[in-house]
1. Does at least one position in segment 286-297 carry a residue that is without any contact (Cβ under 8 Å) to a residue 24 or more places away in the chain and farther than 24 Å from Tyr67 by Cβ?
2. Any idea which of Ala247, Ala255 is among the hydrophobic types (A, V, I, L, M, F, W, C), in a loop (DSSP other than H, G, I, E, B) and either without any contact (Cβ under 8 Å) to a residue 40 or more places away in the chain or surrounded by fewer than 18 Cβ atoms within 10 Å (Cβ to Cβ) (or both)?
3. Does Tyr271 satisfy being open to solvent by less than 60 Å² (accessible area, probe 1.4 Å), part of a helix (DSSP H, G or I) and not acidic (Asp, Glu)?
4. Specify the residue that is surrounded by the fewest Cβ atoms within 10 Å (Cβ to Cβ); the eligible residues are those in segment 187-209 that are in contact with a strand residue (DSSP E or B) (Cβ under 6 Å, 6 or more places away or on another chain) and among the hydrophobic types (A, V, I, L, M, F, W, C).
5. Please verify whether Leu263 is within 24 Å of Phe119 (Cβ to Cβ), open to solvent by less than 40 Å² (accessible area, probe 1.4 Å) and either touching a Cys at 6+ places or on another chain (Cβ under 9 Å) or not β-branched (Val, Ile, Thr) (or both), treating the condition exactly as stated.
6. Being buried (at least 19 other Cβ atoms within 10 Å of the Cβ), over 24 Å from Tyr297 (Cα atoms) and of a type outside the set (A, V, I, L, M) is the filter here; which residues of segment 164-184 pass it?
7. Take the residues in segment 121-137 that are within 16 Å of Leu196 (Cβ to Cβ) and either among the β-branched types (Val, Ile, Thr) or over 27 Å from the mean Cα position of the chain (by Cα) (or both); name whichever of them is surrounded by the fewest Cβ atoms within 10 Å (Cβ to Cβ).
Amino acid sequence: MTRIRILFSLAFAFSFGSLCSGAALADNEVTRFRVGVAIGTQEDAREQMEPFRVALEKIIDRPVDLYLIDTMGGLVEALASGEIDYARLTPTAYAATDALCECVEPMVSARPDEKTDRFHAILVAPKKEELTTLQDLKGVHLGVEDTRSVAGYRVPLANLKYEGVDPWTHFSALIQVADGVEGARAVLDGRLGATLAWSTMSGDQKSGYSAGSLRDIYKANKRDLGKLSVVWQSQGIPFSAHVVRTALPDDMKRALRAGLMELKKSSARAYRAIEPDFPGGFIPVVHSDYRAVMRTYDPDLQAVFGR
C-alpha cells in the first residue's frame, strides 16, 4: 500500500461507441449472473474463486458464471461493454469505469480491519507553529511520487487543484521521491518543505494511525513522528469497490449488497477467496465515497497532470 498505483488510463484501445453498442442486453432479465475476476498470472484462480461463486449463487438465487480476465483494465472493458454484471475493482478502476460509461455502481468495499474503512492522500510538513496551512507552505519544495501513483500523485494533485491550489504554482518545485516514507525523511532532514504520503487517519494518532507512511515512520523511529504534522488530507477512499452494472434489477442489487455484508460471517472461506488482502469484512459504499479518485478523471482537472 505504500505505493497505490493507477493501473491503466482512459486511453483504452477501443471506442466509447463500440462499448455501448455491446451493452444493449436485457439487463433486467438476468437468468445467469456473470462475475468477472482479474486473475493476473494466477493459474488456479477458478478453483480459488469457487467458494465465492457458490456463495453468490445462494445470495441471488441464480446461477453464477465466472469470467477470468487477465487484467484490471480488462475488467473495466468487460463491465463497460456489458459482458459481465459484477466485478471487484480497485478504487481507480471504479473511477475509470464511471468516467468511461457511467454504467456501474458500487455495492460494498472491503477493509483491512474492523476499525479502518478508508485511506487518505496526505500532505506532511515539519511540525511548527508557523506551518499549519497550505498557504504557509507556499513556495516550498514538495515531495511527490511518480506520475502513476494514486495517493502519492494523482489524487492529491487533482484534489488540491479542485480546492483552488495549483500544485505547480503554489509550490516552487515538485521533487520525485520513492514513497511517502522517503519524502517524510527528506522533510525531517530539511531537504523538502513538505511531501505527499498516505495514511488511514484512523486508530492511534500517537503511533502514526493504523497504517500508512506515518505508521512506518513511527515504527522506524518513534521520536521522528512528533516532528511531523498533517497539513492537508484528501477525502477518505475505500480500499476496494465491488460493483454491478446499474441496469440490474433493484431487488437483485439489494439482495446482493445484504448478502455481501454478511459474507464474512456466513462464509469466511468465500470472503477470503475474493478479498484475501483485506480481512476486515465488507462495508456498504455509494458512488460519492469515491469522489477523491473520480476527480483524477475530471476533464476540467486533467491539465494538472500535463506539466
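1. yes
2. Within the list Ala247, Ala255, the selection yields Ala247.
3. Spelling it out, Tyr271 is indeed open to solvent by less than 60 Å² (accessible area, probe 1.4 Å), part of a helix (DSSP H, G or I) and not acidic (Asp, Glu).
4. Met201
5. yes
6. Scanning segment 164-184 gives a single hit, Gly183.
7. The residue in question is Leu131.
Rundown of residues vs (1) aliphatic (A, V, I, L, M); (2) over 16 Å from the mean Cα position of the chain (by Cα); (3) under 24 Å from Ala45 (Cα atoms), yes/no style:
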{"site": "Val243", "(1), (2), (3)": "yes, no, yes"}
{"site": "Leu263", "(1), (2), (3)": "yes, yes, yes"}
{"site": "Ser266", "(1), (2), (3)": "no, yes, yes"}
{"site": "Phe278", "(1), (2), (3)": "no, no, yes"}
{"site": "His287", "(1), (2), (3)": "no, no, no"}
{"site": "Leu301", "(1), (2), (3)": "yes, yes, no"}
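The values are calculated or read from the model by the stated rules, or taken from the named source; none is laboratory data. The structure displayed is predicted, hence computed values, not measured ones. Neighbour counts are summed over all protein chains in view; Cβ atoms, including those assigned to glycine, are modelled from backbone coordinates with ideal geometry. These area figures cover heavy atoms from the full protein model, side chains too; ligands, DNA and RNA do not enter into them. Shrake-Rupley method; radii C 1.70, N 1.55, O 1.52, S 1.80 Å.
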